[in-house]
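The values are calculated or read from the model by the stated rules, or taken from the named source; none is laboratory data. Bear in mind the structure is a predicted one, so any value in this text is a computation, not a measurement. Please note: Cβ atoms are built from the backbone with ideal geometry, for glycine as well, and neighbour counts cover all protein chains shown. Side chains included, ligands, DNA and RNA excluded: accessible areas come from the protein's heavy atoms. Shrake-Rupley method; radii C 1.70, N 1.55, O 1.52, S 1.80 Å.
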Amino acid sequence: MSNKAPIRAVLPDAEHIEQAYLFELLRERLSQDLPMQELLTDIRHELLTTTKLPLAIEFLATELRHSGLMSPAMQRLTHYFTPFQTYIVSQAEEEVGRFTMDSALAVLHGEAKFRTDERSSAQGMFFYHFEVLSRNRLNYDRGLTAVSEDPVYDVPWKKWLLTLRAQLGLVDLADLIFLASDEYQKRLLSSGEDPSDRGPFLFGVREGRIAFGNRGREPLFLFAAMQRHLGYPAVPRIEKKGDDSDLIPQMARRIERLESRIKLLEEERRGGIDITQFYEKFKEQQ
């Protein structure tokens, strides 16, 4: 059986390299307790001007000033940010939940970096995406829908990912991986069975054997083995902190959003505000 091809490029490598740098810097500077739009504005000047990222950051900062959220702007920039990236940020921006912006930025940094890795593959990207959802207890239905819309995955992958949503919890993940592997196809052929009505066979022989050896076991063992052999980044673990450790940053984000909403209300009372003017300005700059 042939090895699987590397992932298809979503953007030029330079864009992903700069994205990884952006997410890394944002994570490092979150401790400064500055508004996210100020951090974005400052970092914008440190990025390559030959990429589209500075323009995207300007658009994100504009949305942050008006709504206090970054994910709505990312959702509008579907040609630049993937649905998975947008979903991860939207979950970190939820006022209730244990998934923090620090964790989200760590996830996005690892993903952007992996897209330019010579060992990158659709199989490795899938396991990274899935392990992120699993470890952080994010919604599988919405999460896998966002994953399926990533340009990395072709049509057979998209169909399989959407089918996976319904099968999770009913069938062991290791079994699902094995049944979609070249190893399973190989065994069917050796036993004289026709594999044409099975599949799709999206994973290689190696992944199939690893999955077969982890059936009925803790899924974390399956993830650890796949991470070692496929070379995708280790998924960030949620650090256990004291009850008050994240309280101040959470309160600061909520106050920032409230201030943005109050500002909008005040501007509406003075005659209204047309936010679409900022979106049109961004389109003209592209």
Residue check, Arg44 modelled with pLDDT under 90 and more than 25 Å from Tyr232 (Cβ to Cβ):
no
A careful count of residues in the stretch 131-152 that are open to solvent by less than 10 Å² (accessible area, probe 1.4 Å) and closer than 22 Å to Arg209 by Cβ gives 1
Matching residues in the stretch 200-228 - criterion: being in contact (Cβ under 8 Å) with a residue 40 or more places away in the chain, open to solvent by less than 50 Å² (accessible area, probe 1.4 Å) and among the small types (Gly, Ala, Ser)
Gly204
Against the condition touching a residue at least 24 places away in the same chain (Cβ under 8 Å) and either in contact with an Asp or Glu (Cβ under 8 Å, 6 or more places away or on another chain) or open to solvent by less than 10 Å² (accessible area, probe 1.4 Å) (or both), how does Met125 come out, does it pass?
yes
